[in-house]
1. Rank these for me by crowding, 11, 198, going from fewest to most other beta carbons within 10 Å.
2. For Cα pairs less than 8 Å apart in space and 6+ apart in sequence, what is the mean separation divided by the residue count of the chain, i.e. the relative contact order in percent?
3. Counting other C-beta atoms within 10 Å, which of 150, 82 has the fewest, and how do the rest follow?
4. Given a Förster distance of 22 Å, report the FRET efficiency between residue 46 and residue 165 from their Cβ-Cβ distance, rounded to the nearest 0.05.
5. Counting each DSSP H run of 4 or more residues in the chain as -39500 (n - 2.57), what helix-only mean residue ellipticity at 222 nm follows after dividing by all residues, to the nearest 500 deg cm²/dmol?
6. Sort all Cα-Cα distances of the stretch 70-134 into consecutive 10 angstrom bins from zero, then give the percent of pairs in each bin up to the one containing the longest distance.
7. Using alpha carbons only, how many degrees (0 to 90, rounded to 10) separate the axis of helix 183-193 from the longest principal axis of the chain?
8. Compute a Gaussian network model of the chain, connecting alpha carbons closer than 10 Å, and tell me which residue from 45, 96, 199 fluctuates the most.
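Just so you know, all these numbers are worked out from the coordinates, no wet-lab data involved. Computed from a predicted model, the values in this text were never measured in an experiment. Positions of Cβ are backbone-derived with ideal geometry, glycine not excepted, and every protein chain shown enters the neighbour counts.
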């Protein structure tokens, strides 16, 4: 039986400023760093064989900080297969170093939902301009996208194939996997794991910096 840990990044500077963030690459606040430290302590005793994260720095920061507390003493190593030269030059030749590393795969498919023309706008001011009901539809409906952005449905259409094709095989092979990502990419995965309907998933809240746990055995996920 293998284990899957899902973790949303800690508070980012734009979370704190109440701005729509999406794919804008914003780092953590001091509070976000503390949330990542706290998350790391909660998972410090769980063996982790492999990790996945998005291409956005707030998720990568959270993953790196969380691993600083891990009792295994292993080092997360961020892989760069998309660049042939970097991939070749990052080869680890030391046997002990290789044994004490945890591969970290970065994937744009795990990025946050792209909020289009809302990115960088203040959420409260956007409600005043477009109306609270319209903004709620953009933020929480399953199939309606914000202007020039992605719906949750479209986010799931990139996140779930990656999860099923690239992540689940490692779980099936007996590895424990950590995924550090974002509210909407994780909601897409939760919809799949918990067999949620389109109506049910829109009410799911994914807490910043709070690990969620699943086991995987014989093709089945359980909490």
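1. Least to most surrounded, the residues fall as 198, 11.
2. 34 percent
3. Ordered by Cβ neighbours within 10 Å, fewest first: 82, 150.
4. Efficiency, rounded to the nearest 0.05: 0.35.
5. When only DSSP H runs of four or more count, the value is -10500 deg cm²/dmol.
6. 16, 28, 19, 15, 17, 5
7. 70 degrees
8. 96
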